[in-house]
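Undergrad: Before I ask anything, let me first share the structure, which is written out below as structure tokens.
All of the numbers you see were taken from the coordinates with simple rules; none came from a lab. What you see is a predicted model; the values in this text were computed from it and never measured. Virtual Cβ from ideal backbone geometry, glycine too; neighbours counted across all protein chains shown.
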Amino acid sequence: MIKNVLNYVCNKAGAGAAWAAKGGLGAVGGLLAFFVALNVAGQMLYLRFDLSEGKVYSPSKASKRILKSLEDPVVIKCYFCL
């Protein structure tokens, strides 16, 4: 999609002021503003969904109950090898 947008912008850039007068720059600017706002919102509202079959990557109800009953904070360290 980004490649298509860049190709469109590059092709229309040759038209110069006529393209800008038709709102081409406004459309690109609006699209850029939308993605920046989406990125900022994503940073502020960190959400994660487990869409796996059977919710295999989510803690079970029993695990959640045990964690809620603990008085001290729980630290979980994960190590990944890429």
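Undergrad: Only sites in a loop by DSSP and with at most 11 other Cβ atoms within 10 Å count here; which trypsin sites (Lys or Arg not before Pro) in segment 34-76 make the cut?
TA: Here the trypsin sites (Lys or Arg not before Pro) that fit, given the DSSP loop and packing criteria, are Arg48, Lys55.
Undergrad: Still on this model: Quick one: Cα convex hull volume of segment 31-76, Å³ per residue?
TA: Hull volume normalised by residue count: 117 Å³.
Undergrad: First measure r as the distance between the Cβ atoms of Ser63 and Ala33, then evaluate 1/(1 + (r/R0)^6) with R0 = 25 Å and state the FRET efficiency to the nearest 0.05.
TA: Efficiency, from the Cβ-Cβ distance: 0.05.
Undergrad: Sort Ser58, Ser69, Ser63 by Cβ crowding within 10 Å, fewest neighbours at the top.
TA: Ser69, Ser63, Ser58
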